[in-house]
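Contents: one structure, followed by commentary.
Taken together, the values in this text are just the output of simple stated rules run on the coordinates, not laboratory data. Owing to the predicted nature of the structure, the values given are computational and were not obtained by experimental measurement. Because the Cβ atoms are built from the backbone with ideal geometry, glycine has one as well, and the counts that use them run over all protein chains shown.
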Amino acid sequence: MIFIPGKNPELSLTELQAFSSTAQLHQSGVIVAGDIPKPSDAQAFLNRLGGVVEIIEPLFDGPIDESTLYPLLYAHLEKELTAQAKGAFGINTLPQKKPEAMKSLLEMLKKDLRDAGIKANFINNKFQNVHRLNAAESRAENIWILEDEGEKVLAGRSLAYQDVERYAQRDYKKPFRDARVGMLPPKLAQTMINLAVGENTAGRTIYDPFCGSGTILVEALLMGFNVLGSDVEERMVGGAEKNVVWAREAFGMPAELSARLFVRDAREIAKEDVGSEPLAIVGELHLGKPLTRFPGRGLLEVIQRPLLELYLGFFEALAPLLPKQTPLVLAFPFWIRRGKTHIRIADTVCEKIRPLGFEQSAAPLFYARPQQIVGREIIQLAIR
Ligand SMILES: C[S@@+](CC[C@H](N)C(=O)[O-])C[C@H]1O[C@@H](n2cnc3c(N)ncnc32)[C@H](O)[C@@H]1O
């Protein structure tokens, strides 16, 4: 399968690698994962991936010579538009062809289809690639032509598109929000859960020990996991509970999925909190003060010191409670100076917790929106 990544392709690629050993960034900027078979429900698969905006099914058994593309493409459209009684098609190219080249391809296809008795319009606006929302709404047969090595192209057809409204609903309609602590975007929460468990949807409970408003808990429930959540603030735990109850109702989650939330300082997590079921720890650590300007070196140290103590205390409490190989995916803060230099804390923490048995299982991933001073560094760990 072929995947169009979201805004952070490196994160998307790593997320897909949790499902695939061959996933690679293709030269045209999409991700090709040859070992992921066509999902029986492509939309459901896409809905659980935080870092993918479109799934494409490859056509014609791999790359073909560009010179042989037109008749194959025409034959595909003739067959699909007839079989599915679709009245529209779209063509997308990467890199994008000039409008004149696109115009001649689209008009030739339209004319040849009409000559064969098929009345079909193209949905490309101004002879550009199709806008994704438009493609999703129109239900047109949407084709991708990706430049490959040499004179070859890789062609495919769209199977599913990111459900933008469903994300907006989860992000903005939940009853409890608290901008002060910085809520995790639902897509990033999904990616973090996928990094922790990949295809293994059954059998692990997702535990977020810094649950805040419960974004990770809600996403994990939607993906079919039982969840545990705790936070030091009673108000946050109450809010997260409200959000979980709302999401269960709004998205019709199965009642048998369990959600247990409790108030706990992460440095005091005890055996009776985590129970005996296999866990994956997925959480966004306390990030410290929200900042609108980069702090001077002295102030940054003042911000970092208590965070470092908190994180180390958390890992010390957790280490004796987790069975070997328990996966952990945690978002740490990092500070961005002048829009580019990353000042990290996770590297120091990872060094210090190695004697406790925590090993990094993958390279760190960085996530920040433009202009952000505090970004999130995603660290994957396993306990030896
Ligand atoms: C960055 S927020 C998590 C936000 C959450 N991911 C969400 O989407 O709403 C960090 C959370 O850690 C909690 N926290 C701070 N210190 C803590 C501690 N010692 N133990 C447990 N939770 C703590 C804060 O109350 C806050 O809710």
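Working note: Cα gyration tensor of the chain, eigenvalues times five, square-rooted, sorted largest first, giving semi-axes of 44, 22, 19 Å.
In loop segments of the stretch 279-321 as defined by DSSP, there are no chymotrypsin sites (Phe, Trp or Tyr not before Pro) with at most 13 further C-beta atoms inside 10 Å of their C-beta.
Among the GluC sites (Glu not before Pro) within the stretch 17-96, not one is in coil by DSSP while having at most 13 neighbouring Cβ atoms inside 10 Å. For the Cα trace of the stretch 2-162, dividing Rg by the Kirkwood Rh returns an Rg/Rh value of 0.95. With coordinates expressed along the principal axes, the C-alpha atoms belonging to the stretch 167-383 extend over 50, 39, 31 Å, beginning with the largest.
Could you give the angle, 0 to 90 degrees to the nearest 10, between helix 234-250's Cα long axis and the longest principal axis of the Cα atoms of the chain? Tilt of helix 234-250: around 30 degrees.
Between residue 371 and residue 265, what's the calculated FRET efficiency when r is the beta-carbon distance and R0 is 30 Å? Round to 0.05. It comes out at approximately 0.40.
Radius of gyration over Kirkwood radius for the stretch 261-384, both on Cα atoms: the Rg/Rh ratio is 0.98.
Return the loop-located trypsin sites (Lys or Arg not before Pro) in the stretch 322-371 (DSSP other than H, G, I, E, B) with at most 15 other Cβ atoms within 10 Å of their own Cβ; answer none if there are none. Taking the stretch 322-371 and a limit of 15 other Cβ atoms within 10 Å, the loop trypsin sites (Lys or Arg not before Pro) found are 324, 338, 340. The alpha-carbon atoms of the stretch 83-224, seen along their principal axes, cover 62, 35, 31 angstrom, with the largest extent given first. Each peptide among 5-17, 89-101, 253-265 gets the average number of other Cβ atoms lying within 10 Å of its residues, and from highest to lowest they stand as 5-17, 89-101, 253-265. As a rough guide to protection, the peptides 120-128, 235-243 ranked by mean Cβ packing within 10 Å, highest first, stand as 235-243, 120-128.
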